[in-house]
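Input: a single structure, listed below in structure tokens.
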Amino acid sequence: MKKVILPIFFILVFFILDPCSSLPPVDNTFEVKLRQDNQIIDVLQGSCAISDNKFEILITNKNKRDINIFAYHSDEMFTKYSYPIKCDKTVIFHPATFIIDNADENKEITLTINREMQYNVITPDKRIDDNGMSIIKIKDIADTDDKFDGVLYLTIFIDQNNNKRIEDSEIKNITIAINKSRNTTLFKAKIHISTMGGWLRDINYPVFSNDYFFVKISNEEEKRRFFELFGQNYGDATYSTTNRIRDTDYSRNNMYILFSPITTEIELYNNPYRYSGENKLIFDTRINHNSNRGKYVFYREYRVEKNKDLYEIWININGILKRPRELKLQ
């Protein structure tokens, strides 16, 4: 009897120690299609063509996972890595480098053509999940560096087993040819620029006025002159030892500071933006009737590398674009 029981015991132990051995492999593959003007467009051999108009990306996604999309202006990322690979070993889906666009009331989003270490994340609240299919509505495209040349290259990654590794079955590369029109619909997205802003309540210097104006600092002499006009303590903060105006390397960068009129309620609202192919950097304004800061000037600081200093400063006042006055530092 013992000779019969012993082999059965070892077989049972084998299955306990290796519970996956009897399970079928998990299917992590997914399909991608496009839809435009209510017509399904198959992505044949990884490529397709659409017109310069809104479109939808349809992805099989039964588990409703986050969908990660790296959009690029060339196909160099298609062959940059071999899979499997950890996300933090790549420049396409590196942790903590994602962009999440706010979907509008129709669940439409802006797709950003990325730089390295920057990708689009489409969470369930930014799309429609229906019957095992995720529908991503693209209203427009933000061409951050104005490099689009006819084809959009997308790498799509769904971390099906949530292990922060990109498996070969969890990633797809597709190319979308777009005939960009002169009066483009798709490439009219706002491209936001990062700035610093705040309220200045020490406004005893005569440079402040009742109108919008800006200054440009491009060298050490202009920096010296700026502190001479605006006070030696400008930009000092109690929570930080860094002073962006004083510490910027002006051999590589230029600094712009835009000021509001002396006010009790005007603010330069959110970060400024531009549109693909246009040279206006637009700062929005708003009236904050609930402001309780007394009299102040609102400012925004915009730092840019000299070789990328291509844009004019404009302000949007109640839907009217206006060029603010420049105060020359000389």
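The values are calculated or read from the model by the stated rules, or taken from the named source; none is laboratory data. Computed from a prediction, not measured in an experiment: that's the story for all the values here. Note that each Cβ is placed from the backbone with ideal geometry, even for glycine, and that neighbours are counted across all protein chains shown.
Remark: pairs (first residue in segment 83-100, without any contact (Cβ under 8 Å) to a residue 60 or more places away in the chain; second residue β-branched (Val, Ile, Thr); Cβ separation under 6 Å; 6+ apart in sequence or on different chains) = 98/121; 99/112; 100/121. Just one of the listed residues (214, 157) is of a type in the set (A, V, I, L, M, F, W, C), modelled with pLDDT of 95 or more and closer than 21 Å to residue 30 by Cα, namely 157. When residue 211 is tested against the conditions (1) over 27 Å from residue 290 (Cα atoms); (2) more than 27 Å from the chain's Cα centre (by Cα), the lone failure is (1).
Each residue in segment 114-148 was checked for being of a type in the set (Lys, Arg) and in a helix (DSSP H, G or I), and 1 pass.
Remark: pairs (first residue in segment 216-232, within 26 Å of residue 310 (Cβ to Cβ); second residue in a helix (DSSP H, G or I) and modelled with pLDDT under 95; Cβ separation under 8 Å; 6+ apart in sequence or on different chains) = 217/245; 223/245; 223/246; 226/245. Applying the selection to segment 250-281, what residues are modelled with pLDDT of 95 or more and either part of a loop (DSSP other than H, G, I, E, B) or among the β-branched types (Val, Ile, Thr) (or both)? Those that are modelled with pLDDT of 95 or more and either part of a loop (DSSP other than H, G, I, E, B) or among the β-branched types (Val, Ile, Thr) (or both): 250, 251, 252, 257, 260, 261, 262, 263, 264, 265, 266. Out of curiosity, is residue 307 surrounded by 11 or more Cβ atoms within 10 Å (Cβ to Cβ) and either outside any loop (DSSP other than H, G, I, E, B) or assigned by TED's automatic domain parsing to the domain that holds residue 180 (or both)? So residue 307 does not fit the description; no.
Test of understanding: among 228, 222, which residue is closer than 18 Å to residue 204 by Cα and charged (D, E, K, R)? Outline the logic, then answer.
Values: 222 fails: closer than 18 Å to residue 204 by Cα.
Residue meeting the stated conditions: 228.
Report whether or not residue 89 is closer than 17 Å to residue 163 by Cβ and surrounded by fewer than 19 Cβ atoms within 10 Å (Cβ to Cβ).
Against the criterion (closer than 17 Å to residue 163 by Cβ and surrounded by fewer than 19 Cβ atoms within 10 Å (Cβ to Cβ)), residue 89 qualifies.
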